[in-house]
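> Starting off with a structure, shown below.
The values are calculated or read from the model by the stated rules, or taken from the named source; none is laboratory data. Because the structure is predicted, anything quoted here is derived from the model rather than measured. Every residue, glycine as well, gets a Cβ built from its backbone with ideal geometry; the counts of neighbours run over all protein chains shown.
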Amino acid sequence: MPPSRCGCLSQYTHHHLAVFLLTFFSYVLLHASRKTFSNVKVSISAQWTPSVTNDSAQFSPAETWEDNRLFADEKQATLFLGALDSIFLFSYAAGLYLSGVIGDRVNLRYVLCFGLCGSAVVVRFVFGTLTEWLHIYNVYLYCGLWVLNGLLQSAVWPCVVAVMGHWFGKTGRGFVFGLWSACASVGNILGAFLASSVLKYGYEYAFLVTSVVQFAGGVVVFFGLLTSPKESGTGLGPVETDADSHKPLMSDEEEDEQAEVYTRRRRSAEPPEEPPPEPPQAISFFQAFCLPGVLPYSLAYACLKLVNYSFFFWLPFYLSSNYGWKEAEADRLSVWYDVGGIIGELSAPTERSPVLAVSLVMAMGALVGYSRSPNDQLINAVILAATGFFIGGPSNMISSAISADLGRQEALRSSQEALATVTGIVDGTGSIGAAAGQYVVSLIESKLGWMSVFYFFVVMVRNLLFNLNETSFQ
């Protein structure tokens, strides 16, 4: 580890470690629960389109296949699964815009735990487990529950990013957020293994296990998380002065700033000549949206999240339907995309824009290569990991570290409390793009095949590069 990283890590206390772990595993558990739906799509599709030749659906002699027939064939079921993905992401995007603003005004711990426990009990358990146990199959019920699912889950991400931003300042934040942003990929891996381990008992038990674990995590967070240093009662603060925390990580003037840091710290040790400033106030949604760099990065993230979440929602289904592999095997193989994403996140240096551009150019080549992957699990896993490296890494870089930078830039010197609002805007706009894309993916696959889907992904990455070139936040 470079000396600069070792030096900044030595300034953290056990409070920083506790906050890091609690927020990290909060989103790990949320993503593990979210990943369950994509891991059991084959089983759900089989259950919704039963037939006398369907070996995946088991019925007692008294039941007929019409009892829980929702769709006439598998193609219609696939389109509805894509529609559910879009419904979730549209409601998730709407909730992000709202929850970010709420998180800047209400105790972040309350909002975070409400999202975790609410989505675990009200939605995941009811949607995936209770409806199957009671044999309730209704399209409108599924849509309504999935809208509620998106709204509840949207409360989590802006809150955890805001908490991390309150505890970790600019010094070392690139490395800390790079490490922390692996939470989504770790959650995907955990969710895939949990789902595949109990899938033989029925897909309802995959939902049950992940919802119970997520609810327990929400309880732990409620009683253990400190949302800001002032709650610790020890006088802790960010590892640098407030003036420094406004500096973005995008800057290439790191060496020049190091000399200024020492001077500012000496000045901060002297008695203040002015009265202490008023407590920071949250800014409005419109003010946050008009901050330099927020709009272009939001549009860029919309394109990237479309591709990233398409892999998230459809990869196990693609591996099972395209290669004929068993659903449990497809679930376990899909984790290599997230393994590549984790490596991409951890290897990202402080300078953001050049890394993003190079990674996304390589991502287009990886997408074309993966679309031609042979029916070999080893080769598929290698190419899949490379694709995750060049897509998953930049995706989490934009949504976590860069969101924190945008919320603490120079324009907010008079009002720092915009982290959750800005994060909600960036991630919400990304979710709108991803939501529109999920139904498009299912439509393209049903009409043109999977090869056309991958070319669609390449076009989206190219649009992302265009938006990054247009950004004024350099």
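> Could you look through segment 411-462, keep only residues that are modelled with pLDDT under 80, over 19 Å from the mean Cα position of the chain (by Cα) and part of a helix (DSSP H, G or I), and pick out the one that is surrounded by the fewest Cβ atoms within 10 Å (Cβ to Cβ)?
Per the criteria, the residue is ALA411.
> Another question about this same structure. Go over the candidates LEU116, LEU152, LEU145, LEU96 one by one and state the one that is under 21 Å from LEU81 (Cβ atoms), surrounded by 23 or more Cβ atoms within 10 Å (Cβ to Cβ), in contact (Cβ under 8 Å) with a residue 12 or more places away in the chain and not polar (S, T, N, Q).
LEU152
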